[in-house]
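Let me begin by presenting the structure, written as structure tokens, before commenting on it.
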Amino acid sequence: MSETTFRERVEPAVEPEAKGSNPMVSSVSKVEVPYLDYETENGKPYLVEIFELGEHWADRVGGFNEEIQAIEDYLKDQVTNREVDNSLKGVKNRIKEIEKIVGMDKEDRAVVKLEVMAEYVKFLMKKDDIKRNITRYGNN
């Protein structure tokens, strides 16, 4: 009788590849864009993303262009005057402060938030203009 021997399948040993060992693979890290460059970089204002307004935010009918523009002007002025950091986090914190001041909470609809916040920042900008004019022309 002949003896038959079957070979067993042997799996090749797989060595875990160390990260960064392959020079051909480059890691792409997304650097946060400064607030003042956000609209240029993304094609829409930062507020459109925060309030999840979608693609129709600038429509003439049913859009939020006027409200967004008022709030954006205020925030850009705040960043330019170094009252708010030129980062998305700094601006988002300022927006949260405004929401708190005007009495908005998470459950309020974006439409209501934008209208109330726009009127509030228009008021703040008028107040700042008055202060600047008093400083420039007034009697301190």
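Filtering region 86-112 to residues that are modelled with pLDDT under 90 and of a type in the set (Lys, Arg) leaves Lys106, Arg109. State whether one or more residues within region 42-64 are surrounded by fewer than 16 Cβ atoms within 10 Å (Cβ to Cβ), among the polar types (S, T, N, Q) and within 21 Å of Met125 (Cα to Cα). So far as region 42-64 goes, no, none of its residues is surrounded by fewer than 16 Cβ atoms within 10 Å (Cβ to Cβ), among the polar types (S, T, N, Q) and within 21 Å of Met125 (Cα to Cα). Checking each residue in region 55-83 for being in a loop (DSSP other than H, G, I, E, B) and in contact (Cβ under 8 Å) with a residue 24 or more places away in the chain picks out only Phe64.
Scanning region 29-38 for residues that are touching a residue at least 24 places away in the same chain (Cβ under 8 Å) and either surrounded by 10 or more Cβ atoms within 10 Å (Cβ to Cβ) or in a helix (DSSP H, G or I) (or both) yields a count of 5.
The values are calculated or read from the model by the stated rules, or taken from the named source; none is laboratory data. Bear in mind the structure is a predicted one, so any value in this text is a computation, not a measurement. All Cβ positions, glycine included, derive from the backbone under ideal geometry; neighbour counts span all protein chains shown.
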